[in-house]
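Before any comments, here is the structure.
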Amino acid sequence: MEQAAAGHLASLGGETMGTRWSVRLSARPGADLHALHVTIQQALDQVVAQMSTWDPGSDISRYRNAPAGSWLRLPREFACVLDCAIEVARRSDGAFDPTLGPLVDLWGFGSAGTPRRVPALDAIDDARARSGWSRLQRRDGGRELLQPGGLQLDLSAIAKGFGADLVATHLRGRGIEAALVEVGGEIRGYGRKADGEPWRVLVESAAEEDASVDELPPRVLCLDDAAVATSGDRWHRFEQDGRRYAHTIDPRTGVPVSDAAASVTVVAADAMHADAWATALTVMGASAGLEFARTHGLAARFVVRAGARLRESMTDAFQSHLAA
Ligand code: AMP
Ligand code: MG
């Protein structure tokens with residue numbers, strides 16, 4: 001059985017949500033890392049069983065298939081994620097929208113297996129008519145959700161962050177004093193390492209595969225009981241007729257955000273909020289998004305393409321998290 005040595009920084013990892021998770025933790029001597037690994041995987045499996053649109057038996061898939069007029073009882077974790085999704089939808093004036101499932105599928109970024117190409121205009125109109133977070137109706141303190149007919153949730157923009165928070169809470173509960181948890185690039189850190197230092201993480205600089213694009217200077221964040229999430233189009237996108245279509249959809253048009261930032265990074269108290277806000281700010285775009293982040297005190301950094309170069313801009317709140 002894998003056991004930790006004194007003051008040991010242990011690493012664990014595995015697969016979840018179509019990507020990887022990893023945990024670095026400051027382990028007590030003799031800590032049973034194998035048992036921790038199993039329970040971390042179980043916690044993430046639970047998120048998948050509730051919120052994965054790729055799993056036909058998940059709660060989110062059952063909601064999608066539920067008859068119009070039926071109320072679905074949500075598991076506690078699902079209800080918590082939906083609470084945050086609705087909060088960010090409201091505060092971002094709908095830039096973030098957890099009901100974009102039909103549009104995500106239509107553009108080929110969902111579980112439906114639709115090819116990635118520009119769909120017909122009437123298909124976009126049809127999918128838009130079936131979306132809209134204001135159609136969400138809940139009761140019993142948010143634990144029951146109405147299926148009004150044709151509503152389809154997509155929590156992909158927030159579930160990875162939630163997964164990182166859930167694992168962090170789980171590890172704290174098992175007496176782990178410090179850990180850095182990552183799920184598909186969304187990161188939550190708590191506690192201090194044995195040397196008394198907070199966790200440090202390198203922020204993605206969104207360098208292109210194209211070597212002609214200049215690298216940005218490396219940015220290192222201190223995560224002292226904080227979280228960081230990044231939205232970007234590096235992996236999830238396609239090109240058609242010389243235009244780039246990324247997987248972040250503007251709910252106002254039903255079309256992927258045009259001229260999307262190469263990456264948007266947000267630091268927040270928890271990874272769920274950081275994840276949701278990174279997506280919301282991507283929809284707003286670099287100029288309106290930066291202005292919004294400044295007036296709402298969000299710690300955000302935008303990396304945009306400017307010809308063959310990348311340009312970064314950040315709020316003061318983000319700057320204050322950078323390592324000296
Ligand atoms: P992220 O990488 O966290 O920005 O999440 C992107 C994913 O969120 C996409 O692949 C879609 O499944 C979903 N999505 C796309 N546009 C939006 C939006 N405007 N609001 C919420 N979720 C979205
Ligand atoms: Mg996100």
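The values are calculated or read from the model by the stated rules, or taken from the named source; none is laboratory data. All of these numbers come straight from a predicted model, not from anything done at the bench. Note that we place each Cβ from the backbone using ideal geometry, even for glycine, and neighbour counts take in every protein chain shown. Accessible surface areas use protein heavy atoms only, side chains included; no ligands, DNA or RNA. Shrake-Rupley method; radii C 1.70, N 1.55, O 1.52, S 1.80 Å.
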#### Entry: Nearest-20 debye value, the chain charge dipole, Cβ charges on Lys, Arg, Asp, Glu
440 debye
### Task
Leaving ligands, DNA and RNA out of it, work out the accessible area of GLU177 with a 1.4 Å probe and give it in Å² to the nearest 10.
140 Å²
### Query
Gaussian network model of the chain, Cα springs within a sub-10 Å range: biggest mean-square fluctuation belongs to which of ALA300, ALA127, ALA274?
ALA127
## Note on the structure
Heavy-atom accessible area with a 1.4 angstrom probe orders THR279, THR265, THR114, most exposed first, as THR114, THR279, THR265
### Task
Treat each spin label as a single point 7 Å out from the Cα along the C-beta direction, and report the ARG309 to GLU87 distance in nm.
3.9 nm
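At R0 = 51 Å, how high is the FRET efficiency between SER320 and ASP140 if r is their beta carbon distance? Nearest 0.05 is fine. Show your work: numbers first, answer last.
Working: r = 40 Å, r/R0 = 0.79.
According to the calculation, E is roughly 0.80.
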### Summary
Quick calc: nm separation of the 7 Å Cα→Cβ label points for VAL220 and SER258 -> 4.2 nm
### Query
Can you give the accessible area of ARG117, probe radius 1.4 Å, in Å² rounded to 10?
140 Å²
### Query
Which whole-number value in Å² is the accessible area per residue of region 42-108, probe 1.4 Å?
40 Å²
### Query
Relative to a virtual label point 7 Å from the Cα of VAL201 in the Cα→beta-carbon direction, which members of region 232-275 show backbone nitrogen distances below 14 Å?
232, 264-275
### Task
Measure out, as a whole number of angstrom, how far apart the alpha-carbon centroids of region 99-147 and region 293-324 sit.
30 Å
### Summary
Here Rg/Rh (Cα, Kirkwood) for the chain equals 0.97
### Query
Could you give the dipole magnitude of region 253-324 about its Cα centre, charging the beta-carbon of Lys and Arg +1 and that of Asp and Glu -1, in debye to the nearest 20?
240 debye
### Query
Scaled to the compact-protein estimate 2.2 N^0.38 Å, what is the alpha-carbon radius of gyration of region 59-147, rounded to two decimal places?
1.15
